[in-house]
Amino acid sequence: MTYLYLDIETIPAQTDAAKERVASTVKPPSQMKKADTIAAWEKEQKAAAVEEAIAKTSFDGGMGHVCCIGFAINDGHIHSESVKTLLEERTAIEAFIEVVDISRQNGWETIQIVGHFVAGFDLRFLTQRAIVLGVRLPDWWPRDPKPWSNEVFDTMVAWAGAKGTISLDALCFSLGLEGKGDVDGSMVAQMWADGKHDEVSAYCRDDVARVRRVHQKMLAALGEAA
């Protein structure tokens, strides 16, 4: 079995068209009926509601974007493909695929993608972005990833179950492993907007390292690794 450790960082919608589309869906609370109450909401609260709705598109591969892909093969070097402008997003995804494909020339037969909430988010988001950008996905890419399939090992599901959740930082704490530092995922969009692309890449690579340590500890307990 070859393990491909994977983590992505994403940012919200960046184009004016996407932002305008999201803004058009933001309506006052349904319980508001009076015209003056609605007018007050639009004046005082709508802008913040629109900003919040746009921020949430970082979880939507149809609207948001990949800003970094971090990955490693088995115990190998941790790579990161960073996106500094939206024009580089497709290139980053293709470069990630190319690095893995080149490594596959070593004769791998089976790849298992390992990540935290990787089946529920990372793989789905990358698939959506590939479709949007016209990137051809390789034959080893899971078409309909399930956290319990042989194609994927999802550390969140392995720990918390199919309906449970736990953050990677909390899981690391539980396992006695080093957790996250001063940066967390909620800060990535602003860091990227501020041009701190190297810092985003470093954070992404650190998450890959954390996932790998968690996975190895889990395998050791299951009798599948020393």
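Remark on HIS65: its backbone amide H falls under 5 Å from those of ILE11, a criterion applied only to residues 5 or more positions apart or on other chains, H modelled at 1.01 Å from N. Expressed as a fraction of 2.2 N^0.38 Å, the C-alpha radius of gyration for the range 6-60 is 1.38. In summary, the convex hull built on the alpha carbon positions of the range 163-211 has an orientation-averaged projected area of 3.9 nm². Taking one quarter of the surface of the convex hull spanned by the alpha-carbon atoms of the range 85-124 gives a direction-averaged projected area of 3.7 nm². Under a crude label model (7 Å from the Cα following the beta-carbon direction), how far is ASP184 from GLU199 in nanometres? Going from the ASP184 label point to the GLU199 one covers 1.7 nm. For GLU109 and SER24, a Förster radius of 45 Å and the Cβ-Cβ distance give a FRET efficiency of 0.35, rounded to the nearest 0.05. Here, the range 93-226 has an Rg and a Dmax of 15.8, 45 Å when only alpha carbons are counted. Membrane-span-like helices in the chain, defined purely by DSSP H runs whose alpha carbon atoms cover 20 Å or more axially and whose average Kyte-Doolittle hydropathy reaches 0.0, are 89-104. Shown for MET156, MET218, MET187: other C-beta atoms within 10 Å of each C-beta, ranked fewest to most, produce the order MET187, MET218, MET156. Extension gain, ALA47-ARG213: 0.36 nm per intervening residue step, less the Cα-Cα distance, totals 55.5 nm. In angstrom, the C-alpha Rg and Dmax of the range 2-221 are 19.3, 69. The packing ranking, built from the mean of other Cβ atoms within 10 Å per residue, places the peptides 34-40, 164-170, 108-114 in the order 108-114, 164-170, 34-40, highest first.
Dividing the C-alpha radius of gyration of the range 70-168 by 2.2 N^0.38 Å, with N its residue count, gives 1.11. Note on ASN150 and ASP16: their simple-model spin labels are 5.2 nm apart, each label 7 Å out from Cα toward Cβ.
On a per residue basis, the convex hull of the C-alpha atoms belonging to the range 115-164 measures out at 67 Å³. Across the chain, the relative contact order, built from alpha-carbon pairs under 8 Å that are at least six residues apart, equals 27 percent.
The numbers here are math on the coordinates, done by the rules we state, and not lab data. All values reported here derive from a predicted model rather than from experimental measurement. Cβ coordinates were reconstructed from backbone atoms using ideal geometry, including for glycine residues, and neighbour counts include every protein chain displayed.
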